[in-house]
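Taken together, the values in this text are just the output of simple stated rules run on the coordinates, not laboratory data. Remember, predicted model here, so these are calculated numbers, not experimental data. Here Cβ is always computed from backbone atoms with ideal geometry, including for glycine, and neighbour counts include all displayed protein chains.
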Amino acid sequence: MIEPGSPLAGVDVLLADLDGVVYAAAEPIPYAVEAIGRAVADGVRIGYITNNAARIDARVAEQLRGFGLDVAPEDVVTSPQAAVDLLRTIVPAPARVLVVGGEGITHELALAGYEVTTSADDGPQAVVQGFHPTVGWTQLAEASFAIRNLGVPWIATNQDWTIPHSRGVAPGNGTLVSAVHTATGTLPLIAGKPERPIFDTAVARFGAVHPLFVGDRLDTDVVGANRAGIASALVLTGIDGPKQLLAAGPEERPAFILDDLRELGTPYPMPTVEDGLVRVRDAAIRLDGHRIEVVAPGTRHTDLVRAACAVIWGSGLAIYAFEVPELVYLR
């Protein structure tokens with residue numbers, strides 16, 4: 001049962017990022033599957049949003065079903081799908097489109113009735129670029145020739161600078177987009193997070209009236225949801241943590257900060273202010289000039305982070321104006 005005052009209260013569609021929220025590499029994140037299952041049992045529709053352009057929706061759904069989630073391909077919104085929706089408003093099908101990427105893009109273009117090519121000599125009417133590990137100089141060069149010589153519109157599925165890998169952090173689509181930009185002097189339209197198209201595609205598909213988006217990155221997930229006018233939650237199971245939250249600018253600030261997805265359905269502890277103290281449950285912070293003073297660390301570190309964020313965000317000042325003890329941002 002969704003409790004009053006919880007992040008899911010009044011929410012009809014929960015939109016979830018994948019990596020860092022539902023899974024990490026090939027393994028589900030602790031408590032994520034169970035929490036999503038409870039939300040479904042309580043009548044919340046679940047949609048999954050991913051910037052990953054290398055895989056089609058059916059393969060993503062298959063992976064999620066392997067974790068025990070009831071997921072159909074149409075429950076997954078990918079950045080290539082958002083790119084095709086954006087392309088339709090510029091160049092309608094059937095048009096010839098030069099693709100930089102793999103199956104994730106070519107599959108969606110074919111479904112929408114577009115003709116796919118990999119050569120600028122074929123006279124494409126648009127370029128769609130997304131990440132795939134096989135992308136190399138030849139594909140980037142063909143895209144550059146089409147954009148610069150033919151003047152065709154250019155859509156990138158996303159501009160993520162890095163991607164997680166089992167061996168560490170690797171270059172993402174943003175680095176490949178930057179190579180084409182350097183060659184052409186042109187910037188692409190971006191379909192994926194943090195831009196609106198992927199969120200607009202998701203809201204339209206699920207008929208969301210009061211959605212909530214949960215992600216693990218401020219710069220793509222939270223910024224994107226805020227730009228789309230969707231309430232957001234940052235879950236501390238992925239990329240960004242307390243240090244990034246304290247430094248978050250206005251566009252990067254989520255409505256909710258969650259330890260893990262179990263907190264979606266439980267009452268959210270809102271900060272209270274009394275006698276100069278900002279409290280979140282048994283954690284308390286005081287602002288002494290520009291120094292953050294921990295009055296009570298509390299039993300949950302995330303409550304201390306929530307209290308400190310309330311103080312810093314409410315001040316109107318940037319993080320570098322404050323002296324923050326390590327106790328607040330080191331977990």
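Share of antiparallel DSSP beta bridges in the chain, in percent to the nearest 5? Don't skip to the end; give the middle numbers.
Numbers: 18 of 50 bridges.
In the chain, DSSP labels about 35 percent of beta bridges as antiparallel.
So for the chain, averaging the separation of alpha carbon pairs under 8 Å that are six or more residues apart and normalising by length, what relative contact order in percent results?
Taking the mean separation of contacting Cα pairs over the length of the chain, I get 17 percent.
Amide H to amide H, which residues 5 or more places from Glu115 or on other chains are under 5 Å from it, using H placed in the peptide plane?
Placed amide hydrogens put Ala95, Arg96, Val97 under 5 Å from Glu115.
Enter the Cα centre distance for the pair region 279-331 and region 211-252, rounded to the nearest angstrom.
Using only Cα atoms to place each centre, the spacing works out to 18 Å.
Ranking request for peptides 261-270, 298-307: highest mean number of other beta-carbon atoms within 10 Å first, then the rest in descending order.
298-307, 261-270
If we restrict to alpha carbons, what Rg and Dmax does region 272-329 come to, in Å?
Here Rg and the maximum Cα pair distance are 10.1, 28 Å.
Averaging the inverse of every distinct alpha carbon separation and then flipping it gives the Kirkwood radius. What is it for region 36-147, in angstrom units?
Result for region 36-147 stands at 15.1 Å.
With the chain treated as a Gaussian network of Cα nodes joined by springs under 10 Å, which of Leu212, Leu234, Leu317 yields the largest mean-square fluctuation?
Taking springs between Cα atoms under 10 Å, the residue moving most is Leu317.
First select every other residue whose beta carbon is under 11 angstrom from the beta carbon of Asp282; then total the charges, Lys and Arg +1, Asp and Glu -1.
Surrounding charge for Asp282 is +2.
Starting from the Cα gyration tensor of region 246-306, take the square roots of the eigenvalues, sort them a ≥ b ≥ c, and report rounded, prolate or oblate (rounded when a/c is under 1.5, otherwise prolate if a/b is larger than b/c, else oblate).
Note, shape of region 246-306 comes out oblate.
How many angstrom lie between the Cα centre of region 127-143 and the Cα centre of region 6-82?
28
Within region 272-329, what percent of beta bridges assigned by DSSP are antiparallel, to the nearest 5?
Approximately 90 percent, going by the DSSP bridge assignments.
For Pro30, what is the net charge nearby, where nearby means another residue's Cβ is under 12 Å from its Cβ and Lys, Arg count +1, Asp, Glu -1?
-3
When you count, for each residue, the other Cβ atoms within 10 Å and take the mean per peptide, how do 189-198, 120-129 rank with the highest first?
With the highest mean Cβ count within 10 Å placed first, the list reads 189-198, 120-129.
Given the rule -39500 (n - 2.57) for each run of at least 4 DSSP H residues, summed and divided by the residues of the chain, what is its mean residue ellipticity at 222 nm, to the nearest 500 deg cm²/dmol?
So the calculated ellipticity at 222 nm is -8500 deg cm²/dmol.
Amide H neighbours of Ile29 under 5 Å, at least 5 residues apart or on other chains, H built in the peptide plane: list them.
Tyr23, Ala24
Based on the alpha-carbon gyration tensor of region 88-157 and its eigenvalue square roots a ≥ b ≥ c, which shape applies: rounded if a/c is under 1.5, prolate if not and a/b is larger than b/c, or oblate?
Since a/c reaches 1.5 but b/c is at least a/b, the shape of region 88-157 is classed as oblate.
Determine, for each peptide in 82-95, 26-39, the mean count of other beta carbons within 10 angstrom over its residues, then list the peptides with the highest first.
Numbers: 82-95: 19.0, 26-39: 17.1.
Going from most to least packed, we get 82-95, 26-39.
Compute the helix-to-body angle for 57-66: its Cα long axis versus the longest principal axis of the chain, expressed 0 to 90° and rounded to tens.
40
Can you give the local net charge around Arg55? Use residues other than it whose beta-carbon is closer than 12 angstrom to its beta-carbon, Lys and Arg +1, Asp and Glu -1. Before the final figure, lay out each step's value.
Working: positive: Arg59; negative: Asp19, Asp57, Glu62, Glu103, Glu108.
Computed value for this residue: -4.
Count the DSSP beta bridges whose two residues both fall in region 101-225, then state the antiparallel fraction as a percent rounded to the nearest 5.
Numbers: 4 of 9 bridges.
The answer is about 45 percent antiparallel.
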